[in-house]
Amino acid sequence: MSHDDARERAAHLVPQPHSVVLGAGVLRLPAELPVRLDVPAEERAAVLRAITLLPMTSKVVAEPAGLQVLLRAGATPPEGFVLDVTEAGVTITAADRSGVVYAVQTLRQLLPDAAYRQAAPSDIRWVAPVVRVEDSPRFRWRGMLLDVARHFLPKREVLRHLGLMSAHKLNTLHLHLSDDQGWRVESLRFPRLHEVGSWRVTSQVSHYSDEVVHDGTPHGGYYTRDDLAEIVAYAADRAITVVPEIGVPGHTGALLAAYPEFGSPSVPDRAVHPNWGVHDALLAPSERSLEFLRLLFDELLPLFPSPYVHVGGDESVLRAWDDDPVVRAFADKRRLSGSAEIFAALMAEVRQMLAEHGKTPVTWDDSFAAQGTAADAESTTTLVMAWRGAEVARRAAAAGHDVVLSPVMPTYFDYFQEADPGEPLAIGGPVTLGDVVSWEPIPQDWSEDESARVQGIQCQMWTEFVDDPRLVDYLLYPRTCAFAEIAWGSRTQDLHRRLPRHLDRLAAAGVEFRPLTGPAPW
Ligand code: TNX
């Protein structure tokens, strides 16, 4: 019975590995797993923390053991692994720490679903099938955006999503920390950012009309510096990089509610915006606001070891600059004419600030497109995140930018999952599970050079309409399972066969995914 179950689990892995060779028999793992490490000294602690992702406890031993980990440069492709389960024990071979994490996550899927619970019944038998799995990812950026600005997500939820991302072999969390509707990072230097910028009156905009209903209940929250350090460390243990987004010059309503002096005076609204949509709030480039940004980045960037920092650049309504004397002075000094040149100059200044911290900037594709001919060659150091489709992505790639593909269709998971009146209110769509499953991110007519610019793909969890953490689960899963297969580059197209069994794992983990049978009532 348990033999069949164990073998069946090897046929229901998500994402589907490149090679799964099933042998005969099973391995029963003890409640306390003897572990032998053949890893460089400086990696030992991290590898041991990766092993704690397994449900049983472990003890390090010197001799051939239940689990052997071999970490050696070049042993596999980057982030890849070989997981060899025999009747005698498990051997993990990897070239880097991420590979070890993914081997451990794969082994966890080979165990009973209770491996996904916080605690398992004490009489459980941890049985894995005899199998050899060889695997490595297609894309190096396998991202998920969490918009914690529109609706704050408590730290515990962010940590939980990091755990789920890692289980699906996603490796980049794009934390959308600032927007018109909220600022979510503590600042010691500019405390009004979190004191003022993190609170607003909640609102809900009906999807079917423009009626705005303010319910008058304040909504807010922010992460302290210690919270962020914890999030970053928790992510690192799961092979995930946290890329922070502090966006300029648009989407700065919360920042400007806290520090109006850095905005253009013609935009009168100085509150943290209670409703959705593209707003006029606009940071005004001036020597003073550049100094503010410099000090802000000096304070915040050291919290994030990520080589990338996202600086927005999207949906910036530039008309507020037209008659702003402060912006005029900034432009005159640099001999700039027109808002496109001013925009490009501001983004170049920001790029320079990031460079001083050794960071590579990321912007939305609007920023690439808006800069037009004003862009200098050096601007191609910016990674372009293309949300408006393949055409703009291709132009960015052809211009020499690295790109991450995050097109609305099918990576905006804030959209309805089906055109079904029973679905909870969402922002648009639908983006169906099938749309995600059948997505090929790079169109066939792209040249080799253009394709090589694609660093990876990203799914988006915007939260304008998502005021309950349960709804985040519902919208992310199961679409994220399909997304993870595309990001990983699984070659099979039979997710529909494997998904029901995989959702049992997520159920054990307490994920409130959308049932395959249709909408759950809310
Ligand atoms: C567009 S993607 C946006 C977000 C919204 C999202 C809603 C991008 C650069 N801008 O600000 O949250 O649509 O689906």
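The values are calculated or read from the model by the stated rules, or taken from the named source; none is laboratory data. The structure presented is a predicted model; accordingly, all values stated were derived computationally and were not measured. Because the Cβ atoms are built from the backbone with ideal geometry, glycine has one as well, and the counts that use them run over all protein chains shown.
Computed quantities for the displayed model
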quantity: Count - residues of the range 469-513 that are among the aliphatic types (A, V, I, L, M) and not in a helix (DSSP H, G or I); calculated: 1
quantity: Residues of the range 495-522 satisfying the condition of being β-branched (Val, Ile, Thr) and over 21 Å from the mean Cα position of the chain (by Cα); calculated: Thr517
quantity: Subset of the range 429-442 (residues that are within 11 Å of the ligand (Cβ to nearest atom) and free of Cβ contacts under 8 Å to residues at least 24 places away in the same chain); calculated: Gly429
quantity: Among (1) crowded, with 20+ Cβ neighbours inside 10 Å; (2) out of contact with any Gly (no Cβ under 9 Å at 6 or more places or on another chain); (3) within 26 Å of Asp504 (Cα to Cα) - the single one Leu37 does not satisfy; calculated: (3)
quantity: Helices (runs of 4 or more DSSP H) contained in the range 402-468 and holding at least 2 residues among the hydrophobic types (A, V, I, L, M, F, W, C); calculated: 408-411, 433-437
quantity: Phe152 vs. criteria under 16 Å from the mean Cα position of the chain (by Cα), in contact (Cβ under 8 Å) with a residue 24 or more places away in the chain and farther than 29 Å from Trp276 by Cβ; calculated: no
quantity: Residue check for Arg150: assigned to a strand (DSSP E or B) and basic (Lys, Arg); calculated: no
quantity: Pairs with Cβ under 6 Å, 6+ apart, first in the range 332-355 and touching a residue at least 60 places away in the same chain (Cβ under 8 Å), second among the β-branched types (Val, Ile, Thr) and surrounded by 17 or more Cβ atoms within 10 Å (Cβ to Cβ); calculated: Val350/Val311
quantity: The range 368-403, subset modelled with pLDDT of 95 or more and within 12 Å of the ligand (Cβ to nearest atom), residue surrounded by the fewest Cβ atoms within 10 Å (Cβ to Cβ); calculated: Gly389
quantity: Qualifying residue in the range 450-458 (condition: of a type outside the set (Lys, Arg), in contact (Cβ under 8 Å) with a residue 12 or more places away in the chain and within 16 Å of the ligand (Cβ to nearest atom)); calculated: yes
quantity: Pairs, first within 18 Å of Lys333 (Cα to Cα) in the range 272-301, second among the acidic types (Asp, Glu) and part of a loop (DSSP other than H, G, I, E, B), C-beta under 9 Å, six or more apart; calculated: Ala284/Asp324; Ser286/Asp324
quantity: Pairs, first closer than 18 Å to Phe513 by Cβ and among the acidic types (Asp, Glu) in the range 396-420, second more than 10 Å from the ligand (Cβ to nearest atom) and at pLDDT 95 or above, C-beta under 7 Å, six or more apart; calculated: Asp414/Leu475; Glu418/Pro430; Glu418/Thr432
quantity: Set Thr52, Thr76, Thr86: member being more than 27 Å from the chain's Cα centre (by Cα) and either surrounded by 13 or more Cβ atoms within 10 Å (Cβ to Cβ) or at pLDDT 95 or above (or both); calculated: Thr86
quantity: Unmet criterion (only one of (1) within 16 Å of the ligand (Cβ to nearest atom); (2) more than 29 Å from Trp446 (Cβ to Cβ); (3) in contact with a Phe, Trp or Tyr (Cβ under 6 Å, 6 or more places away or on another chain)) for Val317; calculated: (3)
quantity: Residue check, Leu170 buried (at least 24 other Cβ atoms within 10 Å of the Cβ), in contact with a helix residue (DSSP H, G or I) (Cβ under 7 Å, 6 or more places away or on another chain) and either outside any strand (DSSP E or B) or assigned by TED's automatic domain parsing to the domain that holds Val20 (or both); calculated: yes
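One line per residue, one yes/no per condition, for (1) in a loop (DSSP other than H, G, I, E, B); (2) under 18 Å from Ala31 (Cα atoms):
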| site | (1), (2) |
| --- | --- |
| Arg49 | no, yes |
| Ser58 | no, yes |
| Pro64 | yes, yes |
| Ala75 | yes, no |
| Pro78 | yes, no |
| Asp84 | no, no |
| Ile92 | no, no |
| Gly99 | no, no |
| Thr106 | no, no |
